[in-house]
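K.L.:
I am attaching a structure below and will ask some questions about it afterwards.
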Amino acid sequence: MNNPVLNIIPSDLYSTLLSLNLLNKKTIRDMEIKRKYLHLRDAGIPATDAIDLVLQEYPYLQYDTLRKIIYSVRLPEESNMKQRYVA
């Protein structure tokens, strides 16, 4: 499995923690969702369209749930950054 938190822990440690069920999979999923959203926004896609595209990958989530994830999850790489986008 790809390590979505490579900037925090090395891949071998990630694999070990995952195999021992010591990682919060929901939190990792939320971080991946926010990264996908930010990547789309960086590509110039409007916020609502970016959310719709991410929803296609996570159809079991509601639109409002996805918005909450995007605007409340803090990525490790954002710790020294200002808010990138205001919707």
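Rule-based calculations on the coordinates, nothing more; no lab input. Just so you know, these numbers come straight off a predicted model, no measurement behind them. Heads up, the Cβs are rebuilt from the backbone with ideal geometry, glycines too, and the neighbour counts pull from every protein chain shown.
K.L.:
Restricting attention to region 19-57, which residues are among the small types (Gly, Ala, Ser) and in contact with a helix residue (DSSP H, G or I) (Cβ under 7 Å, 6 or more places away or on another chain)? Can you show your working first?
P.N.:
The first filter runs over region 19-57 and keeps only residues among the small types (Gly, Ala, Ser), leaving 19, 43-44, 47, 50.
Ala47, Ala50 - these are the residues of region 19-57 that are among the small types (Gly, Ala, Ser) and in contact with a helix residue (DSSP H, G or I) (Cβ under 7 Å, 6 or more places away or on another chain).
K.L.:
While we're here: It is to be established whether one or more residues within region 27-39 are surrounded by fewer than 16 Cβ atoms within 10 Å (Cβ to Cβ), of a type in the set (Ser, Thr, Tyr) and not in a helix (DSSP H, G or I).
P.N.:
Applying the first criterion (surrounded by fewer than 16 Cβ atoms within 10 Å (Cβ to Cβ)) to region 27-39 yields 27, 29, 35, 39.
After this cut, where a residue has to be of a type in the set (Ser, Thr, Tyr) as well, the list is 27.
Among the residues that remain, those that are also not in a helix (DSSP H, G or I) are: none.
No; the residues of region 27-39 include none that is surrounded by fewer than 16 Cβ atoms within 10 Å (Cβ to Cβ), of a type in the set (Ser, Thr, Tyr) and not in a helix (DSSP H, G or I).
K.L.:
Among what's in region 1-16 and is without any contact (Cβ under 8 Å) to a residue 60 or more places away in the chain and within 27 Å of Tyr71 (Cβ to Cβ), pick the residue that is surrounded by the most Cβ atoms within 10 Å (Cβ to Cβ).
P.N.:
Filtering region 1-16 down to residues without any contact (Cβ under 8 Å) to a residue 60 or more places away in the chain leaves 1-4, 6, 9-16.
The next check asks that each one be within 27 Å of Tyr71 (Cβ to Cβ); those that pass are 1-4, 6, 9, 14.
Working: Met1: 9, Asn2: 7, Asn3: 16, Pro4: 14, Leu6: 11, Ile9: 14, Tyr14: 19.
My answer is Tyr14.
K.L.:
Just give me the residues in region 40-60 being buried (at least 17 other Cβ atoms within 10 Å of the Cβ) and closer than 20 Å to Asn2 by Cβ, in sequence order.
P.N.:
Across region 40-60, the qualifying residues are Leu40, Val54.
K.L.:
Still on this structure, I have one more. Tell me which residues, restricted to region 1-26, are out of contact with any Leu (no Cβ under 9 Å at 6 or more places or on another chain), of a type outside the set (A, V, I, L, M, F, W, C), farther than 21 Å from Tyr58 by Cβ and not in a loop (DSSP other than H, G, I, E, B).
P.N.:
Scanning region 1-26 gives Ser11, Asp12, Ser15, Ser19.
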